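Colleague: Pasting in a structure now, in structure tokens, and then I'll have a few things to ask.
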Amino acid sequence: MEANTTIDPKRLPKHVAVIMDGNGRWAQARGLERSAGHVEGVNTVRRITEAASELGLGYLTLYTFSTENWNRPQAEVDALMELIVIAIERETPDLIRNNVRLTSIGDLERMPSTARERLQKCISETSGCTGLTLVLALSYSSRWEIIRAVRALAEEAASGIIRAEEIDEGVFASHLTTAGIPDPDLLIRTGGDLRVSNYLLYQIAYSELIFTPTYWPAYTKDEFREHIAEYQRRQRRFGLTGEQVKES
């Protein structure tokens, strides 16, 4: 029996976040170098970005490179950095043609200066686009982001800019790297692991979670659409009862 992939355009998630996992395992299962999986993973990024844009989603955030990834073998890190930047530069014309705005979150100061400058150039070139916003989480760690926000608020409190009692969820969120971006409605993780891996921990407090065993290079537009349909079949209660949600 085929999955029901009927999608209601009026109930789309505003923001979908993805943990793109399984590149290396996809390659190793085929007797290839891990780098081949990363290369094929870039093609999947293109497919899923196209699918998100076609559906009319507002935001798509991709966990591209975590702070923990800096601990991988140096050769793999160097190859990943170069691949990421080359892929972004190659895709920028298509992003502009499809009205997709590119932005990034994370500790970009840790990136090689040349790679960072090339990334910023692509971000600038797409800044006028008004469709889907594609957010790349690069050198990103949720714990790093939260500590960074706490430090900023502590400094503001110490200097008298803000009082402790004025700090609420909105103020705290405005100090995160995702300030101005709505929290994800849906988090998808490919690759079979059942964890969130230090990704958007504050922002996914009420996100719907979907895990798939499919390795990222093999993830298709059809499966992405199935996951959007699955999201729409769920009832989002935000702490209320099902009856309260139906009455609202």
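The values are calculated or read from the model by the stated rules, or taken from the named source; none is laboratory data. Bear in mind the structure is a predicted one, so any value in this text is a computation, not a measurement. Here Cβ is always computed from backbone atoms with ideal geometry, including for glycine, and neighbour counts include all displayed protein chains. The protein model used for the area step is the full one, side chains on, heavy atoms only, and it has no ligands, DNA or RNA in it. Shrake-Rupley method; radii C 1.70, N 1.55, O 1.52, S 1.80 Å.
Colleague: Where the Cα atoms of the stretch 176-229 are projected onto their three principal axes, how long is each span, largest first, in whole Å?
Modeller: The Cα atoms of the stretch 176-229 stretch 32, 21, 18 Å along the principal axes, largest first.
Colleague: Right, next: For the stretch 103-212, what % of the accessible area comes from carbon and sulfur atoms, probe 1.4 Å? Each step should come with its number before you reach the end.
Modeller: Working: 2810 of 5440 Å².
Accessible surface attributable to carbon and sulfur in the stretch 103-212 totals 52 percent.
Colleague: Residues of the stretch 1-102: accessible area per residue at 1.4 Å, in Å²?
Modeller: 52 Å²
Colleague: Over the stretch 130-191, with the other protein chains present, what is the accessible area per residue in square angstrom, probe 1.4 angstrom?
Modeller: Using a 1.4 Å probe on heavy atoms only, each residue of the stretch 130-191 averages 48 Å².
Colleague: Once R0 is set to 25 Å, what does the formula 1/(1 + (r/R0)^6) return for the Cβ-Cβ distance between residue 169 and residue 235, expressed as a FRET efficiency to the nearest 0.05? Can you show the working numbers first?
Modeller: Working: r = 23 Å, r/R0 = 0.93.
Computed FRET efficiency for residue 169 and residue 235 comes out at 0.60.
Colleague: Taking the chain as the region of interest, what is the percent of Cα-Cα pairs per 10 angstrom bin, listed from the shortest bin to the one with the maximum distance?
Modeller: 7, 28, 36, 21, 7, 1, 0
Colleague: Taking amide H atoms as placed 1.01 Å from N in the peptide plane, list the residues 5 or more away in sequence, or in a different chain, whose amide H sits under 5 Å from that of residue 209.
Modeller: Sorted by chain and number, the residues that satisfy this are 187.
Colleague: Please list, ordered by chain and number, the residues whose modelled amide H lies under 5 Å from the amide H of residue 132; skip anything fewer than 5 residues away on the same chain.
Modeller: 101
Colleague: Could you estimate the translational diffusion coefficient of the stretch 113-212 from the Stokes-Einstein equation, with Rh from the Kirkwood formula over C-alpha pairs, at 20 °C and 1.002 mPa s, in whole µm²/s?
Modeller: Details: Rh = 16.0 Å.
This corresponds to a translational diffusion coefficient of 134 µm²/s.
Colleague: Calculate the length of the line joining the C-alpha centroid of the stretch 12-36 to that of the stretch 125-151, in whole Å.
Modeller: Distance between centres, Cα-based: 20 Å.
Colleague: Right, next: Rounded if a/c is under 1.5, else prolate if a/b is larger than b/c, else oblate: which is the stretch 1-79, with a ≥ b ≥ c the root eigenvalues of its Cα gyration tensor? Could you put the intermediate results ahead of the total?
Modeller: Numbers: a/c = 2.94, a/b = 1.82, b/c = 1.62.
Taking the square roots of the gyration eigenvalues as a ≥ b ≥ c, the stretch 1-79 is prolate.
Colleague: Quick one: Karplus J couplings for the stretch 164-177, per residue in order, coefficients 6.51, -1.76, 1.60, θ = phi - 60°, nearest Hz, x for Gly and Pro?
Modeller: In residue order, the calculated couplings are 3, 6, 8, 7, 10, 4, x, 5, 4, 4, 5, 9, 8, 5 Hz.
Colleague: Quick one: compute the contact order of the chain, relative version, from alpha carbon pairs under 8 angstrom and 6+ residues apart, as a percent.
Modeller: 30 percent
Colleague: Give the lysines reachable from residue 221 as a straight Cα distance under 24 Å; neighbours fewer than 8 places away on the same chain don't count.
Modeller: 10, 14
Colleague: Heavy atoms of the protein only, probe of 1.4 Å, neighbouring chains included. What is the accessible area of residue 129 in Å², nearest 10?
Modeller: So the heavy atoms of residue 129 present about 20 Å² to solvent.
Colleague: Using a/c under 1.5 as the rounded threshold, could you call the stretch 61-127 rounded, prolate or oblate? The axes a ≥ b ≥ c are square roots of the C-alpha gyration tensor eigenvalues, and prolate needs a/b larger than b/c, oblate otherwise.
Modeller: Prolate shape, in that a/c is at least 1.5 and a/b is the bigger ratio.
Colleague: Between exposed chymotrypsin sites (Phe, Trp or Tyr not before Pro) in the chain, where DSSP calls loop and at most 16 other Cβ atoms lie within 10 Å, what's the longest gap?
Modeller: 1-201
Colleague: Tell me, what HN-Hα J-couplings in whole Hz come from the Karplus equation 6.51 cos²θ - 1.76 cosθ + 1.60 at θ = phi - 60° for each residue of the stretch 89-95, using x for Gly and Pro?
Modeller: Rounded to whole hertz, the list is 5, 5, 8, 3, x, 5, 4.
Colleague: Through the Karplus equation 6.51 cos²θ - 1.76 cosθ + 1.60, θ set to phi - 60°, convert the phi angles of the stretch 222-231 into ³J(HN,Hα) values in whole Hz; use x for Gly and Pro.
Modeller: So the J values, rounded to whole Hz, are 4, 5, 4, 5, 4, 6, 5, 5, 4, 4.
Colleague: Tell me which GluC sites (Glu not before Pro) from the stretch 1-108 have a DSSP coil assignment and no more than 10 other beta carbons within 10 Å of their own.
Modeller: 2
Colleague: State, to one decimal in nm, how far the label point of residue 150 lies from the label point of residue 78, with both points 7 Å from Cα in the Cβ direction.
Modeller: For the pair residue 150/residue 78, the computed spacing is 3.6 nm.
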